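Q: Dropping the structure in here first, questions after.
The values are calculated or read from the model by the stated rules, or taken from the named source; none is laboratory data. Values in this document were obtained by computation on a predicted structure and should not be read as measured data. Glycine gets a Cβ as well: all are built from the backbone with ideal geometry, and neighbour counts include every protein chain shown. Note: accessible area is taken over every heavy atom of the protein model, side chains too, but ligands, DNA and RNA are not part of it. Shrake-Rupley method; radii C 1.70, N 1.55, O 1.52, S 1.80 Å.
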Amino acid sequence: MKKLNVAIIGQGRSGLLIHGEFFLSPANEKFNVKYVVDYDEFRREKAERLFPGCETFDCYTKLFGKTDIDLVVNASFSEMHYPITLDLLNHGFNVLVEKPMGATEEQCLRLIKTAKEKELTLAVFQQTFFAPYYVHAKKVADSGLLGDIQQISVRFNGFSRRWDWQTLQKKCAGGLYNTGPHPVGIALGLLDFDPEARLVFSRLGRALTSGDADDYAKLIISAPGKPVADVEVSSCDAFSPYNIKITGSKGCLKSTTTHCDLVWLEDGENPPRPATEIPLRNEAGEPIYCSENLIRHTESIDFTGTAFDTGSKCMYDQIYDKITSGKPMTVTPEMAARVVGVIAAAHAQNPLSVEFL
């Protein structure tokens, strides 16, 4: 199997601890890290030790003219995802860009258009679509086991403070741009990326952050004939019990990233009860509450693998197949653009004061 040569831009948490760790793991059999770019000398020296034989640069433009690069991983600062990716595409490189791929849907669509015109591969690292807990939730929702889905709830919540660059609006940061592509993507995925899906309500706030970007977000997304999708990204929720909850006419799914519980009703086991306007009474004639013990079925599942191992491998496998044989990817930049469109709409509806210029 031919290995593809990779250049990584950025050796921060994403470039080093997500992409770098994947390339160094036994799961990577298809990629060779040929170049690493970072403005920090310490990080460049560390990359040279981690990836023997790789060459390092302090600026991504020094990659221009290289003919031995099959893929550039753009793990730069979030506000640089769009301009650097556009520059790379215009210089003839296939690109995997970290999320968010841009600040607006218009920026994302320009990247997609440029990649198509140049006949290049553009991918966005939304690896959560391959995470076992999402794959399972999507399978259950599509199976009909839960009946008519009424609501999808997605929570990526915690109780913590941040004070790094991911708290600054000028860095295209904050909870919704940084973490939000995962839960917003899950919500849109469970809505089948319906073209009519729209953001119908949003609220952004600042709770524990030291910066001027959001660390609380509530979004309601829906489409005609589709369930309501309720999305939260919060730093002030110490008691979030799940990441995904799906409620339907015949059952309910509750899932974290590692465990899932299901409750459902089988057809025919709970015969219909005709409605009555007569107050209910017990045998003694006293009033009683309307209740019964439904015949239920339950199942619990523990997941093996996460978005960062299983998800990363699946993402890179698809990128490899796309570059080497033209096989279409199931996670497309068009999907990522829709995600950014929802996030940008929420920001437009909730402008926050800019405190850091």
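Q: Please compute, over every Cα-Cα pair in the stretch 222-357, the percentage with a separation greater than 19 angstrom.
A: That fraction is 76 percent.
Q: Name the residues whose placed amide hydrogens come within less than 5 Å of the amide hydrogen of Q150, ignoring near sequence neighbours (fewer than 5 apart) on the same chain.
A: Those lying under 5 Å, H to H, from Q150 are T247, G248, S249.
Q: Can you tell me the orientation of helix 81-90 relative to the chain, as the angle in degrees between its alpha-carbon axis and the longest Cα principal axis, to the nearest 10?
A: Around 50 degrees separate the two axes.
Q: First measure r as the distance between the Cβ atoms of R198 and E117, then evaluate 1/(1 + (r/R0)^6) with R0 = 35 Å and state the FRET efficiency to the nearest 0.05.
A: Efficiency for this residue pair is about 0.75.
Q: Still on this structure: Report the convex hull volume per residue for the stretch 129-202, counting only C-alpha atoms, in Å³.
A: It comes to 139 Å³ per residue, whole-number rounded.
Q: Quick one: angle between helix 105-118 and the longest Cα principal axis of the chain, in degrees between 0 and 90, rounded to 10, please.
A: 50 degrees
Q: Once phi is turned into ³J(HN,Hα) by the Karplus curve 6.51 cos²θ - 1.76 cosθ + 1.60 with θ = phi - 60°, what whole-Hz value does each residue of the stretch 301-306 show in order, with x for glycine and proline?
A: Values, residue by residue: 9, 9, 8, 10, x, 10 Hz.
Q: Considering only protein heavy atoms and a probe of 1.4 Å, how much of the accessible area of the stretch 37-93 is carbon and sulfur, as a whole percent?
A: Carbon and sulfur together cover 49 percent of it.
Q: So, one more: Calculate for the chain the 222 nm mean residue ellipticity that helices alone would give, adding -39,500 (n - 2.57) per DSSP H run of length 4 or more and normalising by residue count, nearest 500 deg cm²/dmol.
A: Estimated from H runs of four or more residues: -8000 deg cm²/dmol.
Q: What is the projected area of the convex hull of the Cα atoms of the stretch 131-261, averaged over all directions, in nm²?
A: Averaging across all directions leaves 8.0 nm² for the Cα convex hull.
Q: Take every Cα-Cα pair in the chain and report what % of them are more than 36 Å apart.
A: That tail contains 28 percent of the Cα-Cα pairs.
Q: Let me ask you something else. Taking square-rooted eigenvalues a ≥ b ≥ c of the alpha carbon gyration tensor, is the stretch 108-170 rounded, prolate or oblate, where a/c under 1.5 means rounded and, failing that, a/b exceeding b/c means prolate?
A: Oblate, because a/c is 1.5 or more while a/b does not exceed b/c.
Q: Quick check for me: using +1 on Lys/Arg Cβ and -1 on Asp/Glu Cβ, what's the dipole size of the chain about its Cα centre, in debye to the nearest 20?
A: In debye, rounded to 20, the chain gives about 680.
Q: Tell me the Kirkwood radius of the stretch 198-240: reciprocal of the mean inverse pair distance over distinct alpha-carbon atoms, in Å.
A: Value: 11.5 Å, from the Cα pair sum.
Q: Rounded to the nearest percent, how much of the accessible area of the stretch 111-150 (1.4 Å probe, protein heavy atoms only) is carbon and sulfur?
A: Using a 1.4 Å probe with all protein chains present, the stretch 111-150 comes out at 50 percent carbon and sulfur.
Q: Taking the Cα centre of each part, how many Å lie between the stretch 171-246 and the stretch 1-51?
A: The stretch 171-246 and the stretch 1-51 have Cα centres separated by 31 Å.
Q: Also, quick follow-up: Peptides 320-328, 183-191: what's the order by average Cβ count within 10 Å, highest mean first?
A: Averaged packing, sorted descending, gives the order 183-191, 320-328.
Q: Probe of 1.4 angstrom, ligands and nucleic acids ignored: what's the accessible area per residue over the chain, in square angstrom?
A: About 49 Å² of surface per residue is accessible.
Q: Just the Kirkwood number for the stretch 62-107, please: inverse of mean 1/r across all distinct Cα pairs, in Å, one decimal.
A: For the stretch 62-107, the Kirkwood estimate is 10.9 Å.
Q: In the stretch 77-92, whose amide N lies under 15 Å from the spot 7 Å out along Cα-to-Cβ of K66? List them in ranges.
A: Under 15 Å, as judged by backbone N against the label point of K66, lie 85, 88-89, 91-92 of the stretch 77-92.
Q: Springs between alpha-carbon pairs under 10 angstrom, Gaussian network model over the chain: which of L17, L262, L63 fluctuates most?
A: Maximum fluctuation in the GNM of the chain, among the listed residues, is at L17.
Q: If you don't mind, there's one more thing I want to ask. So, with a 1.4 angstrom probe, what is the percent of accessible area on the stretch 214-357 that is carbon and sulfur?
A: Using a 1.4 Å probe with all protein chains present, the stretch 214-357 comes out at 56 percent carbon and sulfur.
Q: Taking amide hydrogens as modeled 1.01 Å from N in the peptide plane, which residues meet the under 5 Å criterion relative to A307, leaving out close sequence neighbours?
A: none
Q: Could you calculate the FRET efficiency of E45 with T304 from 1/(1 + (r/R0)^6), where r is the beta carbon distance between them and R0 is 51 Å, rounded to 0.05?
A: 0.90
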